[in-house]
1. Name the single residue, out of those in region B:156-184 being facing another protein chain (nearest Cβ under 10 Å) and crowded, with 22+ Cβ neighbours inside 10 Å, that is nearest to residue B:90 (Cα to Cα).
2. Need pairs with beta-carbon distance below 7 Å; first residue closer than 19 Å to residue A:37 by Cβ and within region A:224-241, second of a type in the set (A, V, I, L, M, F, W, C) and surrounded by fewer than 24 Cβ atoms within 10 Å (Cβ to Cβ); sequence gap 6+ or separate chains.
3. Quick check, is residue A:294 more than 14 Å from chain C (Cβ to nearest Cβ), among the small types (Gly, Ala, Ser), crowded, with 17+ Cβ neighbours inside 10 Å and within 25 Å of residue A:34 (Cβ to Cβ)?
4. Working carefully through the options B:199, B:156, B:130, find the one that is over 29 Å from residue C:37 (Cβ atoms) and within 22 Å of the chain's Cα centre (by Cα).
5. Could you run through region A:187-214 and say how many residues are exposed (fewer than 15 other Cβ atoms within 10 Å of the Cβ) and touching a residue at least 24 places away in the same chain (Cβ under 8 Å)?
6. Would region A:41-50 turn up any residue that is modelled with pLDDT of 90 or more and either part of a loop (DSSP other than H, G, I, E, B) or over 15 Å from residue A:284 (Cβ atoms) (or both)?
7. Do the conditions hold for residue B:74, that is, is it of a type outside the set (S, T, N, Q), surrounded by fewer than 22 Cβ atoms within 10 Å (Cβ to Cβ) and free of Cβ contacts under 8 Å to residues at least 60 places away in the same chain?
8. Is it the case that some residue within region C:121-129 is of a type outside the set (S, T, N, Q), over 25 Å from the mean Cα position of the chain (by Cα) and part of a loop (DSSP other than H, G, I, E, B)?
Amino acid sequence: MRYATAISALALAVAGNTAMAQDQTTACLITKTDTNPFFVKMREGAQQKADELGIELMNFAGQYDGDHETQAQAIETCIAAGADGILLLASDTSSIVSSVEQAQEAGAIVIALDTPLSPADAADATFATDNFRAGELIGQWAAAKLGDEAENARIAFLDLNVSQPTVGVLRDQGFMQGFGIDIKDPARYGDEDDPRIVGHDVTQGNEEGGRRAMENLLAQDPNINVVYTINEPAAAGAYEALDALGRAGDVMIVSVDGGCPGVQNIRDGVIGATAQQYPLDMASLGIEAIHQYAQDGTLPQPTEGKDFFDTGVELVTNEPVEGVASITVDEGMERCWG
Amino acid sequence: MTQPVLSAKNLTKRYGKVTALDQCDFELYPGEILAVIGDNGAGKSTLIKALSGAVPPDEGEVFVEGKQVNFTSPNDGRMAGIETVYQTLAMSPALSITDNMFMGREIRKKGFMGKYLRQLDRKAMEDFARQKLSDLGLMTIQNITQPVETLSGGQRQGVAVARAAAFGSKVIILDEPTAALGVKESRRVLELIQDVKKRGIPIILISHNMPHVFELADRVHIHRLGRRLCVIDPKKYSMSDAVAFMTGAKEPDEVEAA
Amino acid sequence: MSHDDAYEDIVKTRREESFAAFDSRRKGLLHRVHDVLHGNPALVPLIVLLASIVVFGLLLGSRFFSPFALTLILQQVQIVGIVAAAQSLIILTAGIDLSVGAITVISSVVMGQFAFRYGIPPFIAVICGLAFGTLCGALNGLLVSKMKLPPFIVTLGTWQVILASNYLYSRNETIRSQDIEASAPLLQFMGRRFEVAGAVFTLGVVFMILLMLVLAWALKNTAWGRHVYAVGDDAEAAALSGVNVHRTLMSVYMLSGLICGFAGWALIGRLGAVSPTSAYEANIESITAVVIGGISLFGGRGSILGALFGALIVGVFSLGLRLLGADAQWTYFFIGVLIIVAVAVDQWIRKVSA
């Protein structure tokens, strides 16, 4: 008898939930991992906005960067839950497309955050940093800072990983463009023949990889004086390698991201300049778009001249140069993440 | 009557519903080779393990030289001077002859290196090992540091027996020492067992090989259904009698005093 | 004795005098090589290491064959090298430890967070980190030795548990090099450098080499070391010969946890910073070093110095190939080939009746 009561209570609860789900908008946020401060900030932005708009938000994450399986499962779960929209930071931008299509067939809109899918139009919209622009900003800043010496620069490139993921290529090629290097094929790095390039090495985007890659490139050419880094942890690692050789003072390091430790490192002179991106905005704009779509079926429009919605990027440095707009470290600290 | 070196009364060991030992008695006298025979599953191994400490019995008492002992691990038995050569030999193939002989009772160097850094006295151990092997006629050994796995089956058995003889001050238990060996190697091991006996250490020999048992043993303990059926003098009975007792085909009419 | 058992008489009368001769009857070059390798398992990786240094030296000249580049390799492998020492101990007992990288990073995080979040004096914080590493090792040891669970499964579990705790506890926040330098420079102690004729050493590198030598000595010359090998070779046989298998396993797992703690300290020295995302591949990298170093994954065989050589071989290949301008994928390619060759050689050495 008691069981029967419990079961009927449960049934009622389930029925109640389903009924509620029908009038309430449900959104999913699927990130690459749930530990990276960048994604943590995103989740924060999404949650804030969702609470504000009365949207039910479900969070998912891969176990590690590159965990495609878990992300695909997460999309299936979202479809089963009847989600109206999915915010997705794809680990594998092309393999995830078939799952994305399933979600769209089930009536959900899929918005790519931070990382465009390939093809980019597989998503209904993309909210992202213009990574090429981010690279370009630090490239321009570095060139302007060096002045005439830019002609004789010896540049090391500390990239993400060997598979040349889009975000890494865009930042790298953007830097080259900004610095005044002929980038040849913009879809890949390593094909340039500019003699100022010492070489490319990979860092996995962390301190350990940054240090090792810097050491390897210094062994190839000890006269490196400009270092492009994929992100700030890699930059910090590169700084340690340079510091070990007593070269920390005379090498310029530039980076991308704008995490709080990174911005702090600009203040301490570890990094010269960084291009700051805004994960919180990406996520909250994404939730707004899902809300909008659930209301009247309109999709967000991409930024003019681009195939995605640009959430903005700012150059952060305490040594501004003419011709390149920048914000100060203090301003950067206010908007930093992590 | 002389006092037994090793004896047991009413040993009982149950594994779940199976009674492996059923109020079994046992005596081993100084200087003798006592063979223990029995059909598979009669409880020979359990008896041996209960005597050596590898398996604590549920009931019953074990006595060493008349004093009751209470073994809970093979180390206890070993401390009391009872050494066992298991059928598997219990050796580490990758380690040297010396290492194997001293496993668990290594000799440390004297002075600082031994006391604080716990360095082993390799030379003392090697000399001792060489000495013990020579005593048993395994003196043609050239390299006491060679890994046990490079030895033949008979040689390994030889090392295992030498290890037992070197440390077993009171009793040596040999579990199927010839089961895995060829004819020639078996022969050599049997001689080895007799050499050990000559040195005055009593031996418990477990074997399925009737010719070997009848050749070596002074007395034969016949085990059946978890207890001692009888003890016979191999000179007075034939092998077929023994097998008949062991399998229950024949009842011993006039059993020697248990 | 009845008549039918006289079949052995022929053997009795013709006793084989040479039966117990322990000398090797196997001559010939290949057999000798085999014997030498059997006795000195670290020889193969040492030869491969020296050969690869010579080959890259010839290809790259002074860019590679310089005190600077060669000691750079030492610095690059120091973390993996220290972790490989821990891994070797476990593998010698026929175990495997997937959690070494996680223990390393969580130890470094404990040192950093204790010093910065709670303001504990750096010296105490380092001790706490080392103790925490030991504790993680003890947990693995208890599960393996007391609960009799397979080491692979145990450490597959603790790897995830420890790594997740690491992220949760640290909130994935990095403690910056500059902050550590300012208020707790002791954390970077292992990163201290000194130079000898162009060769650059860090205390972490010195620690790695000393650790390897001390462990190699202890494994060879103490009862504990012999017991580690015996347990790995055949735990049951070891127990029957009087080795306390539980105590040996516990000592090995705890020591390995402590060594990982030191690796965590060295990690702070190398990175300057405390970064919760580092060393996450140290488990696979250390197993690679151990296998290339000729230590058998089946336990009980191999020299811990082999693991040092194995780690250095990987370091030589990665730097050498990078300096040659080869795609980084080639490094993985060659490391993969080396692993397979190493295991094949191990199998050949184990074949005693060759």
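1. Within region B:156-184, the first condition is being facing another protein chain (nearest Cβ under 10 Å), and the residues that meet it are B:158-160, B:163, B:167, B:182-184.
Okay, now just the ones that are also crowded, with 22+ Cβ neighbours inside 10 Å, so B:158-160, B:163.
Numbers: B:158: 13, B:159: 11, B:160: 8, B:163: 11 Å.
Among those residues, the one meeting the criterion is B:160.
2. Sorted first by the residue in region A:224-241, then by its partner, the pairs are A:230/A:160.
3. Details: more than 14 Å from chain C (Cβ to nearest Cβ): yes; among the small types (Gly, Ala, Ser): yes; crowded, with 17+ Cβ neighbours inside 10 Å: yes; within 25 Å of residue A:34 (Cβ to Cβ): no.
Answer is no for this residue.
4. Values: B:156 fails: over 29 Å from residue C:37 (Cβ atoms); B:130 fails: over 29 Å from residue C:37 (Cβ atoms).
Answer to the selection: B:199.
5. Let us first name the residues in region A:187-214 that are exposed (fewer than 15 other Cβ atoms within 10 Å of the Cβ), namely A:187-188, A:191, A:193-195.
Next, from what is left, pick out any that are touching a residue at least 24 places away in the same chain (Cβ under 8 Å): A:188.
Number of matching residues: 1.
6. No - not one qualifying residue is present in region A:41-50.
7. Details: of a type outside the set (S, T, N, Q): yes; surrounded by fewer than 22 Cβ atoms within 10 Å (Cβ to Cβ): no; free of Cβ contacts under 8 Å to residues at least 60 places away in the same chain: yes.
Against the criterion (of a type outside the set (S, T, N, Q), surrounded by fewer than 22 Cβ atoms within 10 Å (Cβ to Cβ) and free of Cβ contacts under 8 Å to residues at least 60 places away in the same chain), residue B:74 does not qualify.
8. Step one: filter region C:121-129 for residues of a type outside the set (S, T, N, Q), giving C:121-129.
With over 25 Å from the mean Cα position of the chain (by Cα) added as a condition, the list becomes C:121-125.
Within this subset, residues satisfying the condition of being part of a loop (DSSP other than H, G, I, E, B) are C:121.
Yes.
The values are calculated or read from the model by the stated rules, or taken from the named source; none is laboratory data. Only a predicted model underlies this, so the values are computations on that prediction, with no experimental measurement involved. Glycine gets a Cβ as well: all are built from the backbone with ideal geometry, and neighbour counts include every protein chain shown.
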